[in-house]
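The values are calculated or read from the model by the stated rules, or taken from the named source; none is laboratory data. Please read these numbers as outputs of a predicted model, since none were measured by experiment. Note: ideal-geometry Cβ built from the backbone for every residue, glycine included; neighbour counts use all protein chains shown. For the accessible areas, the whole protein counts, side chains as well, though only heavy atoms, and no ligand, DNA or RNA atoms are used. Shrake-Rupley method; radii C 1.70, N 1.55, O 1.52, S 1.80 Å.
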Amino acid sequence: MPELEMIKGENRDIKTILELTNKRLDDITAHLVDQSRRIDEMNRSLIARIDETNNRINRLYEVIVRREEHDKLEIKIVKIEQDIAEIKEKIQYKIAA
């Protein structure tokens, strides 16, 4: 029966190796779960920063659009003032004549 004892011994060795391998796999899985959690936290932080940047860009766009509208209104007002000045001149010229 020495062959049976040899097989039992090899079986114990295989079980020991399998237990060590399973422990190592459990450690690697725990490490991967931790890394995944950290990546998720970083992604949330990055998304928050991107959202903040997008909001700033949107506000800047609104300011630029308002500035362009302001410039257009200013040009229209100058034109209206010129038209009014011309009309006043014509009225004064007709009154004087």
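Okay, here's what the table says:
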item	result
Verdict on Val63 being open to solvent by less than 100 Å² (accessible area, probe 1.4 Å), at pLDDT below 95 and under 27 Å from the mean Cα position of the chain (by Cα)	yes
Any hit, the range 12-28, residues being under 19 Å from the mean Cα position of the chain (by Cα) and either surrounded by 10 or more Cβ atoms within 10 Å (Cβ to Cβ) or among the hydroxyl-bearing types (Ser, Thr, Tyr) (or both)	no
